[in-house]
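Bear in mind that the values in this text are calculations on the coordinates, not laboratory data. Note that the coordinates shown come from a computational prediction; the quantities given were computed from them, not determined experimentally. Here the Cβ positions follow ideal geometry from the backbone for every residue, glycine too, while neighbour counts run over all protein chains shown.
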Amino acid sequence: MKMRPVNETELAEAIRGAEGPLRIVGGGTRGIGTASGEVLETAGLAGISLYEPGALTLVAGAGTPLAEVEAVLAREGQRLPFEVPDMRGLLGQAGVSTLGGVVAVNASGPRRVQVGACRDSLIGVRFVDGRGCVIKNGGRVMKNVTGYDLVKLMAGSWGTLGVLSEVAFKVQAVPEAEASLCAPMGMAAGVVAMAGAMGSPFDLSGAAWIGGEVRLRVEGMAGSVRYRSGALAGHLGGEWRVVTGDASAALWREVRDVGPFVGRAGDVWRVSVKPSDAVALMAGLEAEVMLDWGGGLVWVLGEVDMHSRVAALGGHATRLRGAGPVFQPEHAAVAALTAGLRAQFDPRGILNVGMMG
């Protein structure tokens, strides 16, 4: 049996009346982990309730399809800043990505190096906790930063602390132009090149190493993009191929959606480390690698144990595809903090039980 509330009142009643674990499902495009229980779908909580292009603000139900939001923003020449990845091809899943699902997993693409993650564009949330209580935090304007920052806490909590009913975002204007600088090089040299580019004054919105090629992106007014891409090439030295317009956008969709691993067999890992540790992380391993965020995000395709590998470097790894533990084991102090939060927001222990260990 599935529950599909169509408003926040029904959502609260469903959670309050639950007699056992609930498995929270959005659009079914990013489901990983081992959560069990009666299915509670949020897709019925859909619709854009507020959009003010002049104020760069959008408020929508958690079940609103991402494609609908992107289409509405595009008509006004705007977008969500953080470049939401489409993981359906990588994970072999269908479904429709929803705005609440994006927030629940803190889905963030290549532009994170410039604008931050999903949680950094999120300015307000409404959600129902494990007791069935409706909680609101943040607001519908960018400068509302009073009280506890539950907005940031909910982003990336995978539905374990509450079920989102409404989310509010700051959005941004689509830039006039973009250009990508591309050059073939090995991973070690690529990490050095990306560090040099990220440390330059030319304001990059993307830095990746994919298929043996470094890709660097600049966006903005056309004149600025021409100047910055040329100056960046001169700053780095060497031979760089410049790609512009739609061709440049296609390169970054491939990075965003981890294109080289789509349709390939093997475990897929998403690993976060310091960019300077990326090369050491992969030394001696038989696996395919792709780097984003200047080397801070490492995508790995292969039958390897990245949890133990990354622990020594102070990062964390998530197995997005394959058999075995999904999330990085938590240190004792972090585990105690996590348990305390869950006890506060879900005292009955019914929300996405087993999702994160």
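General observations
- Summing charges over all other residues whose Cβ lies under 13 Å from the Cβ of residue 133, with Lys and Arg as +1 and Asp and Glu as -1, gives +1.
- Over the range 205-265 - Rg/Rh using Cα atoms and the Kirkwood inverse-distance radius: 1.01
- Neighbourhood charge, 14 Å Cβ-Cβ cut-off, centred on residue 227 and excluding it, Lys, Arg +1 and Asp, Glu -1: -2
- The residues packed around residue 216, meaning those with a beta-carbon under 14 Å from its beta-carbon, carry a net charge of -1 if Lys and Arg are +1 and Asp and Glu are -1.
- In this simple spin-label approximation, residue 224 and residue 38 carry label points 7 Å from Cα along the Cα→Cβ vector, and these lie 5.3 nm apart.
- Projected onto its three principal axes, the C-alpha set of the range 259-321 covers 30, 23, 20 Å, listed from the longest axis down.
- The value of relative contact order for the chain, using C-alpha pairs under 8 Å at least six residues apart, is 19 percent.
- Gain on full extension, evaluated as 0.36 nm per residue between residue 1 and residue 254 minus their Cα-Cα distance, stands at 87.3 nm.
- Three-way shape label, the chain, alpha-carbon gyration tensor, a/c 1.5: oblate
- Fluctuation leader among 246, 203, 292 - the chain, Gaussian network, Cα springs under 10 angstrom: 246
- Inter-part distance where the range 14-90 and the range 310-357 are each reduced to a Cα centre, Å: 22
- Among 316, 331, 307, the largest mean-square fluctuation in a Gaussian network model of the chain (Cα springs under 10 Å) belongs to 331.
- Computed from the Cβ-Cβ distance with R0 of 22 Å, the FRET efficiency linking residue 247 to residue 67 stands at 0.45.
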